[in-house]
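A.B. asks: Before I ask anything, let me first share the structure, which is written out below as structure tokens.
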């Protein structure tokens, strides 16, 4: 009897260890000015893998291959090529920076590697080509900017200046915000494109100040946004700072301190604790002892990893079969809400949350003292 029990344990142990190891890639900015978001995304994808491996029902043992795209197109293409050419990697959770995500779609298509974008918002990533390998769980900048323009218009802002970076990401934000704001009756009084490495914005901000705008709309990521906002203060430009999802992270506030107070931004999804599975996600995340928070897009990276592993468990670690299975994702429950991919792989049901910085934290507009009338935005709106 004792021998039989020992034999059974040995068989079960062998069965567990005999699971095929399947590798999926995570690609995001792990170094540079956007690393906080990238590290939060990496940790969140890692959490999904850890939980799946701890679940005895999974058919496979998963391994996450972590790659740093540095938020740079060239580095992104190198990492995409590395993942795509490695036949042991069957899928990827990819990219926060739109300029990188856009630069890599051809590479993923060429290698037939199915990927799910977890943070980049440029519409062209999913819509410019009919690449069946490319999917995205978060919404696009079109959704963001329609909400943003309506919000600003409803609060009486009529004259807005724009500074955006000259990547596709920044140009896209400028295009959609300006389009929606003017449609709502607002006026764009000045528009300036700036490079990602530009340090001094004195010339642009001096010209903007002369036109006395009520708000400055910023289309770009945290490093430039911090410099623009700080230099606005030095020049005495008293205009409401209105940003995109690219600044919704702790680093923006840490870098600016009190100058971040009252900044606005708009992002897909909701704070993690308000998401359908958010509280459990945060509980599991904190148990792992990660040194960085999940940040704004961590839940999307988690949801993307889960979708990929669900597909692999169902059809096996075969790239073509995974692509075909992802095309069938409809009304799927996830921690970021229902996910339905359209025929371009784009999630069709994104929700947009309005944020404002209050007392050193990003809080939802509805829960802020600004919404309650206890504090006022710049220019008293």
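The values are calculated or read from the model by the stated rules, or taken from the named source; none is laboratory data. Everything numeric here is computed off the predicted structure, so don't read it as measured data. With ideal geometry, Cβ positions are generated from the backbone for all residues, glycine too; neighbour counts draw on all protein chains shown.
A.B. asks: What's the total number of residues in segment 147-170 that are surrounded by fewer than 20 Cβ atoms within 10 Å (Cβ to Cβ) and free of Cβ contacts under 8 Å to residues at least 40 places away in the same chain?
C.D. replies: 4
A.B. asks: Restricting segment 230-254 to residues that are free of Cβ contacts under 8 Å to residues at least 40 places away in the same chain and in a loop (DSSP other than H, G, I, E, B), which is farthest from residue 208 (Cα to Cα)?
C.D. replies: 243
A.B. asks: Restricting attention to segment 212-250, report how many residues are in contact with a strand residue (DSSP E or B) (Cβ under 6 Å, 6 or more places away or on another chain) and over 17 Å from residue 164 (Cβ atoms).
C.D. replies: Of the residues in that region, 1 qualify.
A.B. asks: Next up: Pick out, from segment 255-352, the helices (runs of 4 or more DSSP H) lying fully within it that include 3 or more residues that are in the same structural domain as residue 128 (by TED's automatic domain parsing), modelled with pLDDT of 95 or more and surrounded by fewer than 16 Cβ atoms within 10 Å (Cβ to Cβ).
C.D. replies: Qualifying helices (runs of 4 or more DSSP H): 278-287.
A.B. asks: So, residue 189, is that one closer than 17 Å to residue 379 by Cα and in a strand (DSSP E or B) or not?
C.D. replies: So residue 189 fits the description; yes.
A.B. asks: With 49, 27, 100 as the choices, which residue is modelled with pLDDT of 95 or more, in a helix (DSSP H, G or I), within 24 Å of residue 196 (Cα to Cα) and under 22 Å from the mean Cα position of the chain (by Cα)? Before the answer, list the steps.
C.D. replies: Details: 49 fails: within 24 Å of residue 196 (Cα to Cα); 27 fails: in a helix (DSSP H, G or I).
Of the residues listed, the single one that is modelled with pLDDT of 95 or more, in a helix (DSSP H, G or I), within 24 Å of residue 196 (Cα to Cα) and under 22 Å from the mean Cα position of the chain (by Cα) is 100.
A.B. asks: Another one. Hey, can you tell me all the residues within segment 52-71 that are in a loop (DSSP other than H, G, I, E, B), surrounded by 18 or more Cβ atoms within 10 Å (Cβ to Cβ) and free of Cβ contacts under 8 Å to residues at least 60 places away in the same chain?
C.D. replies: Those that are in a loop (DSSP other than H, G, I, E, B), surrounded by 18 or more Cβ atoms within 10 Å (Cβ to Cβ) and free of Cβ contacts under 8 Å to residues at least 60 places away in the same chain: 69, 70.
A.B. asks: Which residues, counting only those in segment 87-112, are over 23 Å from residue 141 (Cβ atoms) and touching a helix residue (DSSP H, G or I) at 6+ places or on another chain (Cβ under 9 Å)?
C.D. replies: Scanning segment 87-112 gives 87, 89, 90, 91, 110, 111, 112.
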